[in-house]
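*Asks:* Take a look at this one; I'll ask things after.
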Amino acid sequence: MLAVIGGSGLAGLGRMNVVRRQIVRTPYGDPSGPLVVGEIGGAPVLFLPRHGPGHVLAPHRVNYRANIWALRESGATDIVAVAAVGGMAQNVGPGVIAVPEQIIDYTYGREHTYCDGSDRKVTHVDFTRPYSDELRDQVLAAAGASAVAVVASGVYAATQGPRLETAAEIARMQRDGATLVGMTGMPEAALARELSLRYAHLCAVSNWAAGCGDSMRAISHANIDATLDLAIGRVQQIIEQLAVAYHGRSSG
Ligand code: HPA
């Protein structure tokens with residue numbers, strides 16, 4: 001089953017008929033909130049707002065282990081993670097939707113693995129290509145079918161937050177090869193891999209990262225919400241198309 005993790009700006013799926021809300025307990029504690037079980041155009045979909053109902057959980061407070069575990073327990077096999085990000089390359093300015101191919105993890109102090117040796121055997125999962133090629137292709141096909149332009153590449157830098165970055169930090173990330181920056185992509189993607197779930201990122205660029213474009217001197221919050229709203233509307237179109245195509249495949 002397809003699951004969607006909603007980030008900032010995506011508190012629910014517009015065309016989703018909610019069937020029920022499900023409280024799931026996990027060995028790792030409670031997920032961000034009840035899972036929303038529903039359907040889009042007849043296709044079953046699970047939805048989980050990453051920051052909890054009312055957007056109260058800061059990125060470093062999200063219980064990523066519980067979230068991914070709860071989604072798998074509830075039947076998810078594929079996770080599309082939606083995230084607001086900053087852009088730090090020419091092709092990913094505000095308003096762009098990007099489906100990155102790679103990740104660099106700059107986070108620290110987060111519970112980031114199920115393989116901590118306490119109750120599971122330590123395994124070193126392959127993470128060479130952190131996103132599922134198969135699910136990325138399906139997301140890109142859904143974007144094409146719904147005529148939404150997306151940038152089909154990018155390197156996602158995961159930062160600790162909740163503060164935004166310094167210009168020097170962003171310059172360093174650019175030298176590292178990153179093009180997008182957000183605060184929630186890790187350990188989420190790695191945990192999905194540890195549980196053998198397919199995972200892909202749909203990133204909505206809400207602003208130029210620190211020191212880039214019109215964020216040269218500061219990141220203004222003035223336009224972020226409006227930019228994000230527009231991009232998230234298009235993200236919703238992609239997800240609707242994906243849900244229906246995904247269901248057609250798995251039931252056909
Ligand atoms: N940096 C980190 N995370 C973000 C940004 C940013 O500029 N914009 C949206 N999420």
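*Asks:* Rg (Å, one decimal) plus Dmax (Å, integer) for the alpha carbons of the stretch 14-125?
*Replies:* 16.2, 45
*Asks:* Determine one quarter of the surface area of the Cα convex hull of the stretch 201-252, which equals its mean projected area, and express it in nm² to one decimal.
*Replies:* 4.2
*Asks:* Testing the spin-label approximation: label points 7 Å from Cα along Cα→Cβ at residue 141 and residue 216. State their distance in nm.
*Replies:* Taking the two extended label points, one gets 4.5 nm.
*Asks:* For every other residue with a beta carbon closer than 15 angstrom to the beta carbon of residue 110, add +1 if it is Lys or Arg and -1 if Asp or Glu, then tell me the sum.
*Replies:* Cβ neighbours under 15 Å give a net charge of -2.
*Asks:* Quick one: of the DSSP bridges fully inside the chain, what percent are antiparallel, nearest 5?
*Replies:* Around 35 percent of the beta bridges assigned by DSSP in the chain are antiparallel ones.
*Asks:* Here is a further query. Loop only by DSSP, 11 or fewer other Cβ within 10 Å of the Cβ. Give me the trypsin sites (Lys or Arg not before Pro) in the stretch 89-198 that pass, ordered by residue number. Provide the component values of the computation, followed by the final result.
*Replies:* Working: sites: 110, 120, 121, 136, 163, 172, 175, 193, 198; in loops: 110, 120, 121, 163.
When the trypsin sites (Lys or Arg not before Pro) of the stretch 89-198 are filtered for loop state and at most 11 Cβ neighbours within 10 Å, 121, 163 remain.
*Asks:* Give me the extension gain from residue 166 to residue 249: residue separation times 0.36 nm, minus the current Cα-Cα distance, reported in nm with one decimal.
*Replies:* Once the chain is fully extended between residue 166 and residue 249, it gains 25.4 nm.
*Asks:* A follow-up question, please. Rounded to the nearest whole Å³, what is the per residue volume of the convex hull around the Cα atoms of the stretch 2-251?
*Replies:* Cα-based convex hull of the stretch 2-251, divided per residue, equals 118 Å³.
*Asks:* Right, here's the next one. Report the Cα centroid-to-centroid distance between the stretch 85-154 and the stretch 210-246 in angstrom, as an integer.
*Replies:* 16
*Asks:* Next up: If each residue of separation counts as 0.36 nm, what is the full-extension length gain between residue 55 and residue 223 once their alpha-carbon separation is subtracted? Intermediate values should be presented prior to the final figure.
*Replies:* Working: separation 168, 0.36 × 168 = 60.48 nm, distance 1.93 nm.
Stretched fully, the residue 55-residue 223 segment lengthens by 58.5 nm.
Values quoted throughout were computed directly from the atomic coordinates according to the rules given, and no laboratory measurement underlies them. If you're wondering where the values come from, they're calculated on a predicted model, not measured in any experiment. Glycine also receives a Cβ, built like all others from the backbone with ideal geometry; neighbour counts cover every protein chain displayed.
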